[in-house]
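Student: Have a look at the structure that comes next, please.
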Amino acid sequence: MTTGEAALAIDVARRARTAGRRRTHRVELALFLLVLGIAALSLSLGAYAIPLQDVVRTLLGEGTAREDFVVLDLRLPRLALGVLVGAAFGMSGEIFQSVLRNPLASPDIIGVTVGASVAAVLALLVLGLTGIAVSAAAFGGALIVAVLIYLLAWRDGVSGPRFVLIGVAVAFMAHAVLGYLLTRADVRDAQSAMVWMVGSLNGAGWDEIGVVAGALAVLVPAALVLRAPLRALALGDDTARGLGVRAQGARLGLIAVAVALAAVGTAAAGPVAFVAFVAGPIAHRLVGGASALVAAALVGVLVVTGADLLALHLLPGGVQVPVGVVTGLIGAPYLLWLLATAGRGGAG
Amino acid sequence: MATIDTAARRAPLAARRRPAALVGGLGAAGALLAAVAFLGLALGARSIPLDVVIDALLDPRAGDNDHLVVRELRVPRTVIGVAVGAALGLCGAVLQGTTRNPIADPGLLGLTAGASLAVVGAITWLGVASPAGVVWFAFAGTAVAALVVYGIGAIGRSGDEPMRLALIGAAVTAAATSLTTVILLTDLETLERYRFWVVGSLSGRDLGTLVTLSPFLIAGALISIGIGRSLDAIALGDDLARGLGQRLDRARWSSAAAVILLCGTATAIAGPIAFVGLAAPHLARRVTGPDHRWILAYSALLGAIMLVGADVAGRLVAEPGEVEAGLVVAMLGGPVMIAVVRGARPVRR
């Protein structure tokens, strides 16, 4: 290869990388605009509809008392919690799936959020707790199950397939405990436990939003800092080592961040179904195989806020269902459509 | 592909076991199944001595309560357990073989979620109340879900991508589960029936249902046995399998048919029972090595042992009540599964 050819090859590679990055940024921008659109809609629509310009005026502090109440006290907390929870689940799923190199490795499939559900349902049905105590139980349940899976999967390090298999086994056991609790409870209690288990943004208040925002203010930067090792690990342990990444250490750090994200999200809104599972693969297919942490977070936000909008307004007869029912309904078919049409899988 | 723990990769190490040893193992497994089945006949809220059990089977007396319990309650229950467990074990072996994916199982691939949705829909909208009425909807739901998963898998096929099918299955599960939840949250009566169906149980199931559905079971078992060799070839990878003269599409669709027949029947009879389909083939492979015809035979036997054993255990732990077999199998199977996964040779990437 002559120097000219080498220079050309480097140039081509650089251009390809720049093009990939440009596509990533374009996708992220498009997702962000979509989120803004949904945010605007969810602040404006409702039984008491408020035109967009009035929403903006209210946000700037110049609304009437009634607009202040509807926008700032009812709709904005709900939206804010949806955004935070969506980002947490999206990032958590993406980190899990990349680090373990397996699209099934999301917290809702390997038992982390099921662990949270078991703890919460125990708290609800057996201990009779409510409110913040249930959230605390969910948080603890997620952490305990995650640590359990990690320890059980450890054997001279943690490998993706072993982690996922053990996670699936733990999830089966957790589901069995849930099934036991739900069949032994009064059917009304079982139904209210189910509402918690699908995830809901009802009753979002500024206090808990503050807690969640505080947690994410630590976790999101941590995830972004670890983006380089994440990208390396996604290519394989050997490649990562070649790039100077300590595979096991980096993986432990990333999984810890991902578990914390999932636990925070679950504690705040319940295990909003399948957000973590669909966000990563959708983001990967939109971005085109590159690292998609930010895009996955945005997809997560989009799925949760969009699903909440649908759950509140678009079902007939004024039926309001918990957001977690709709997240699976809009995320999963879209993922299926991507899987059916895509020629080659990025994450798959 | 990082996630595949193919039989092909194991082949050189788990060198072919001697057929004599494998036949002996099969005999031992059969004996174990017989023992567990006998326990199933003898143990329960009313424990019956073994000689009375044998008496009840060989020389039934009318009016003897013990004989009545054995013949009318426990024999049907045990027979159903054996059939459903074997069907789930076989189904899991076919799924894991054809998808080259060690975590393929009827639950993860969305089949039981499809069955659940169909059952919930039938209870809510069509007012189907009896367990016998629900059977056909469970069967149809399984079949539709399997066709969707295989169909989408076939449309976007892009070479060697076993994980794709699992991803599609998980997405189908997500969609179906969400729809199911919508119905359950709005309809208390349906939830009341559904929550007992969904845990999976052998109690109160009708032997007549098994008899009605047995042609499907037999057809599914025969197809599975027929594609054993194709599964061996598929384990080597699509290209190599094609090179060996396998017609992959035909093998894939045959396996889909077997899965629908076996898993659909099992779910229709007993409700969605997790784990047997995942764990039985895993355990079987540890014994047999890579030859699929042996894996299939062992999976069927181990599945039957697991389910009947779980049913017996469920009756013992909660006397005089019982814990559903579907729950027990997950609680007992989980630790076994974890031990097996931890004990396996580390999978090289």
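Student: How big is the shadow of the Cα convex hull of chain B, averaged over all directions, in nm²?
Tutor: 18.4
Student: For the stretch A:212-280 and the stretch A:113-151, write down the distance between their C-alpha centroids in whole Å.
Tutor: When both Cα centres are located, 21 Å separates them.
Student: Would you look at the GNM of chain A, springs on alpha carbons closer than 10 Å, and say which of A:264, A:323, A:211 moves the most?
Tutor: Judging by the Gaussian network model, the answer is A:211.
Student: Take the alpha carbon gyration tensor of the protein assembly as shown, find the square roots of its eigenvalues, order them as a ≥ b ≥ c, and report rounded if a/c is under 1.5; if not, report prolate when a/b exceeds b/c, else oblate.
Tutor: oblate
Student: Net charge near residue B:52: determine it from the other residues with C-beta under 9 Å of the C-beta of residue B:52, scoring Lys and Arg +1 and Asp and Glu -1.
Tutor: In short, -4.
Student: Now for a different question. What are the ³J(HN,Hα) values, in whole Hz, obtained from phi via the Karplus relation 6.51 cos²θ - 1.76 cosθ + 1.60 with θ = phi - 60°, for each residue of the stretch B:327-341 in sequence order, with x given for Gly and Pro?
Tutor: Per residue, the Karplus-derived 3J(HN,Hα) values read 6, 4, 4, 6, 5, 7, x, x, x, 4, 4, 5, 4, 5, 5 Hz.
Student: Using a Gaussian network model of chain B whose springs link C-alpha atoms within less than 10 Å, name the residue from B:125, B:136, B:253 with the highest mean-square fluctuation.
Tutor: Maximum among the listed residues: B:125.
Student: Could you work out the helix-only [θ] at 222 nm for chain B, with each DSSP H run of four or more residues adding -39,500 (n - 2.57) and the total divided by the number of residues, to the nearest 500 deg cm²/dmol?
Tutor: -24500 deg cm²/dmol
Student: What does the charge add up to near residue B:339, with Lys and Arg as +1, Asp and Glu as -1, over the other residues with Cβ less than 13 Å from its Cβ?
Tutor: Charge balance near residue B:339 sits at +4.
Student: Okay, helix-only estimate at 222 nm for chain A: each DSSP H run of n ≥ 4 adds -39500 (n - 2.57), divide by all residues, round to 500 deg cm²/dmol; what do you get?
Tutor: Helices in chain A give a 222 nm mean residue ellipticity of -24000 deg cm²/dmol.
Student: Using θ = phi - 60° and the Karplus form 6.51 cos²θ - 1.76 cosθ + 1.60, what ³J(HN,Hα) does each residue of the stretch B:110-115 get, whole Hz, x for Gly and Pro?
Tutor: These are the phi-based 3J(HN,Hα) values: x, 5, 6, 5, x, 4 Hz.
Student: Then there is this: With a 1.4 Å probe and every protein chain left in place, work out the accessible area per residue of chain A in Å², rounded to a whole number.
Tutor: Result: 41 Å² of accessible area for each residue.
Student: Taking the Cα centre of the protein assembly as shown as the origin, how large is its charge dipole in debye, to the nearest 20, when only Lys and Arg (+1) and Asp and Glu (-1) carry charge on their Cβ atoms?
Tutor: Dipole size: approximately 2600 debye.
Student: Still on this structure, I have one more. I'd like the chymotrypsin sites (Phe, Trp or Tyr not before Pro) in the stretch A:1-101 restricted to DSSP loop residues with at most 14 other Cβ atoms within 10 Å, sorted by number.
Tutor: Sites meeting the loop and neighbour criteria: A:48.
Student: Where does chain A land on the Kirkwood hydrodynamic radius, alpha-carbon pairs, in angstrom?
Tutor: By the Kirkwood definition, the hydrodynamic radius is 21.1 Å.
Student: In addition: Given Cα pairs under 8 Å that are at least 6 residues apart, what percent is the relative contact order of chain A?
Tutor: Across chain A, relative contact order equals 28 percent.
Student: Per residue of B:175-188, what is the mean number of Cβ atoms on other protein chains within 10 angstrom of that residue's Cβ?
Tutor: 6
Student: Show me, for the stretch A:264-276, the HN-Hα J-couplings you get by feeding each phi into the Karplus relation (A = 6.51, B = -1.76, C = 1.60, θ = phi - 60°), rounded to Hz, glycine and proline as x.
Tutor: 4, x, 5, 4, 7, 10, x, x, 3, 4, 6, 5, 4
Student: Relative contact order for the stretch A:4-148 using alpha-carbon pairs under 8 Å, separation at least 6, rounded to a whole percent?
Tutor: It comes to 12 percent, rounded to a whole number.
Student: Which listed residue (B:116, A:99, A:205) has the Cα farthest towards the positive end of the charge dipole for the protein assembly as shown, taking +1 on Lys and Arg C-beta and -1 on Asp and Glu C-beta about the Cα centre?
Tutor: Value: A:99.
Student: Using the alpha-carbon centroid of each, what span in Å lies between the stretch B:281-311 and the stretch B:211-240?
Tutor: Going from one Cα centre to the other spans 15 Å.
Student: Let me ask something additional. Comparing A:217, A:263, A:332, which has the greatest mean-square fluctuation in the GNM of chain A with Cα pairs linked when under 10 Å apart?
Tutor: Comparing A:217, A:263, A:332 in a Gaussian network model of chain A, the most mobile one is A:217.
Student: Now a separate question. Under 8 Å for C-alpha pairs, at least 6 residues apart: give me the relative contact order for chain B, rounded to a whole percent.
Tutor: 30
The values are calculated or read from the model by the stated rules, or taken from the named source; none is laboratory data. None of these values were measured; they are calculated from a predicted model. Backbone-built Cβ (ideal geometry, glycine too); neighbour counts: all protein chains shown. Quick note on the areas: whole protein, heavy atoms, side chains included, nothing else; ligands and nucleic acids left out. Shrake-Rupley method; radii C 1.70, N 1.55, O 1.52, S 1.80 Å.
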